[in-house]
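Student: Before anything else, here's the structure in question.
Just so you know, all these numbers are worked out from the coordinates, no wet-lab data involved. Remember, predicted model here, so these are calculated numbers, not experimental data. Positions of Cβ are generated from backbone atoms using ideal geometry, with glycine treated the same way; all protein chains shown enter the neighbour counts.
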Amino acid sequence: MLFMKGPLTDFPIIKTRVEGLTEKFDLNDPVERKEYFEAKIGGEIKKIKEYLEENTFIAYLLGKKNSGKGTYTKLIMEIFGADKIGHISVGDLVRKVYKDIDDPEKRENMIKYLEEHYRGYISVEDSINALIGKNQKMLLPTEFILTLLKREIDEFGGKVIFIDGFPRDLDQVQYSLYFRDLADYRLDPDIFIAINIPESVIDERMRNRVVCPRCQAPRNLTTFPTKKVGYDEKLKEFFLICDNPECNDVRMVRKEGDSAGIESVRERLELDDKLIKKVMSLHGIPKILLRNAVPLSSVQDGEIDNYEITPKYVFKYDEKIGEVIINEEPWIIKDDEGINSYSLLAPPVVIGFIKQLVKALRL
């Protein structure tokens with residue numbers, strides 16, 4: 001069993017390969033993905049489903065920008081059901097509150113809730129002004145964010161809650177340790193989930209990601225293309241065509257600033273790294289590590305199946321037939337320790353999560 005170097009040495013690489021299971025699954029197909037999870041971790045899934053019949057927990061998702069937090073949460077919801085799992089993105093929550101302020105009825109209801117539940121060093125009015133940018137000298141207080149989170153959780157009812165984006169800074173870690181109690185969330189466990197992803201993978205995702213201008217679906221030119229790929233002869237570049245039939249074959253576009261890759265978010269990544277290391281060194285709270293990449297030896301030694309590895313897609317324009325030919329090839333990356341590695345697809349990463357969750361919940 002291989003272990004990670006550095007501050008996360010207590011977390012081994014989790015074996016996803018099942019002895020005797022020779023079937024290969026298409027992990028992009030929802031039906032085959034369900035069969036894949038059942039074949040690999042059906043017993044663990046059953047234990048957790050039984051637990052969720054009468055219990056919940058709060059999970060804090062910690063990961064660098066573009067680490068896949070939303071993707072992993074969607075897969076977890078796919079396995080256990082949206083009626084059991086709730087996801088809160090603090091960034092999306094703040095943006096939603098920002099929009100609600102312009103609606104008189106929503107603003108009144110929000111202020112009423114804040115006045116009943118918020119406790120902090122600045123007033124509710126000053127906090128809202130900091131949120132909408134009227135007072136740029138004042139920072140949005142953590143206590144205000146906590147109250148917004150509590151309000152959102154109140155609307156979810158008895159669900160497991162995955163919180164994405166909190167704690168956001170080092171000084172918020174101490175708040176997160178007691179947030180479960182502040183939110184009156186029973187006495188169910190709270191768990192920190194850290195995502196370990198090499199910077200080389202983040203850089204590749206940023207440089208080659210595209211979105212549909214209509215439905216906003218995200219894709220990636222080299223690691224997650226659509227079924228249809230076009231070629232711009234004038235610009236001499238390939239482009240993806242959205243798979244959503246409602247978008248009528250619209251051309252997907254790059255996000256502004258992504259061409260700079262990881263360097264455009266370097267400061268944020270360094271802070272995220274410090275935050276993850278600090279949280280994972282805490283005592284008295286269960287911790288889970290989701291590993292995006294594994295050394296090449298993990299596949300060679302039979303710990304990971306080949307089809308669980310993220311391939312790299314290479315395009316070639318055939319002038320004779322006027323079409324783009326799509327080929328797959330192995331995508332070998334360097335992890336942050338300089339070790340040649342493979343990046344995992346999302347489903348095997350979720351397998352690692354579920355296996356660790358069973359232990360964290362002592363099932």
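Student: Once phi is turned into θ = phi - 60°, what whole-Hz ³J(HN,Hα) does the Karplus curve with 6.51, -1.76 and 1.60 give for every residue of region 212-221, x standing for Gly and Pro?
Tutor: Along region 212-221, the couplings run 6, x, 9, 9, 6, 5, x, 8, 9, 4 Hz.
Student: Which of MET206, MET280, MET110 moves most in a GNM of the chain, Cα contacts under 10 Å?
Tutor: Highest fluctuation among the options: MET110.
Student: So, one more: Please report the antiparallel percentage of the DSSP beta bridges confined to the chain, to the nearest 5.
Tutor: Values: 28 of 47 bridges.
Close to 60 percent.
Student: Which entries of LYS24/LYS46; LYS312/LYS334; LYS234/LYS316 have Cα-Cα distances beyond 18 Å here? Write out the running numbers ahead of the final one.
Tutor: Details: LYS24/LYS46 22 Å; LYS312/LYS334 14 Å; LYS234/LYS316 16 Å.
Check vs 18 Å cut-off fails for LYS24/LYS46.
Student: Test of the criteria: in region 317-361, which GluC sites (Glu not before Pro) are in a DSSP loop and have at most 14 other Cβ atoms within 10 angstrom of their Cβ? Kindly include the intermediate steps, with their values, before the conclusion.
Tutor: Numbers: sites: GLU319, GLU323, GLU328, GLU337; in loops: GLU319, GLU337.
Those satisfying the criteria are GLU319, GLU337.
Student: Moving on. What do the square roots of 5 times the Cα gyration tensor eigenvalues come to for region 99-215, in whole Å, largest first, as semi-axes of the equivalent ellipsoid? Working shown, then result.
Tutor: Values: eigenvalues 155, 95, 55 Å².
Result for region 99-215: semi-axes of 28, 22, 17 Å.
Student: Could you give the length gained on full extension between LYS99 and LYS274, defined as 0.36 nm per residue of separation minus the Cα-Cα distance, in nm?
Tutor: Gain on stretching LYS99 to LYS274: 59.8 nm.
Student: A further question on this structure: When the Karplus curve 6.51 cos²θ - 1.76 cosθ + 1.60 is applied with θ = phi - 60°, which whole-Hz ³J(HN,Hα) does each residue of region 11-25 get, with x for Gly and Pro?
Tutor: 10, x, 6, 8, 6, 9, 6, 10, 4, x, 8, 9, 5, 9, 10
Student: For helix 199-208, what angle does its Cα long axis make with the longest principal axis of the chain, in degrees from 0 to 90 and rounded to 10?
Tutor: 80
Student: If you take the alpha carbon radius of gyration of region 263-363 and divide it by 2.2 N^0.38 Å, what ratio comes out, to two decimals?
Tutor: Computed over Cα atoms of region 263-363, the ratio equals 1.45.
Student: Just to be sure I understand: with springs between alpha-carbon atoms less than 10 Å apart, which residue in LYS334, LYS49, LYS106 has the highest mean-square fluctuation in the Gaussian network model of the chain?
Tutor: Ranking LYS334, LYS49, LYS106 by mean-square fluctuation puts LYS106 first.
Student: Whose amide H sits under 5 Å from the amide H of TYR317, counting only residues 5 or more places off or on another chain, with H placed in the peptide plane?
Tutor: ILE325
Student: Return the long-range amide H neighbours of VAL250 (sequence gap of 5 or more, or a different chain), with a cut-off of under 5 Å between placed amide H atoms.
Tutor: CYS242
Student: May I pose another question? Any chance you could give the angle, 0 to 90 degrees and rounded to 10, that helix 30-52 forms with the longest Cα principal axis of the chain?
Tutor: 30
Student: Right, something else. May I ask you to evaluate 6.51 cos²θ - 1.76 cosθ + 1.60, the Karplus curve with θ = phi - 60°, for each residue of region 60-75 and list the ³J(HN,Hα) values in order in whole Hz, giving x for glycine and proline?
Tutor: Going residue by residue, I get 9, 8, 10, x, 5, 4, 6, 8, x, 4, x, 5, 5, 5, 4, 5 Hz, with x marking Gly and Pro.
Student: Subtract the Cα-Cα distance of ASP318 and ASP126 from 0.36 nm times their separation in residues, and report this length gain in nm to one decimal. Provide the component values of the computation, followed by the final result.
Tutor: Details: separation 192, 0.36 × 192 = 69.12 nm, distance 6.09 nm.
Between ASP318 and ASP126, full extension yields 63.0 nm more.
Student: Note down, for region 158-290, the three equivalent ellipsoid semi-axes (square root of 5 times each alpha carbon gyration tensor eigenvalue), biggest first, whole angstrom. Let's see the in-between values first.
Tutor: Numbers: eigenvalues 290, 72, 27 Å².
Semi-axes, largest first: 38, 19, 12 Å.
Student: If amide hydrogens are placed 1.01 Å from N in the peptide plane, which non-local residues have theirs closer than 5 Å to the one on ALA59?
Tutor: Residues meeting the criterion, in which the H sits 1.01 Å from N, are ILE161, PHE162, ILE163, ILE191.
Student: Can you give me the convex hull volume of the Cα atoms of region 7-132, divided per residue and expressed in Å³? Mind showing how you got there, number by number?
Tutor: Working: hull volume 26.4 nm³, N = 126.
Each residue corresponds to 210 Å³ of Cα convex hull volume.
Student: If you consider only alpha-carbon coordinates, what radius of gyration and Dmax does region 90-158 have, in Å?
Tutor: 11.5, 38
Student: Still on this structure, please answer the following. Over the C-alpha atoms of the chain, what are the Rg and the largest Cα-to-Cα span, Dmax, in Å?
Tutor: 22.0, 70
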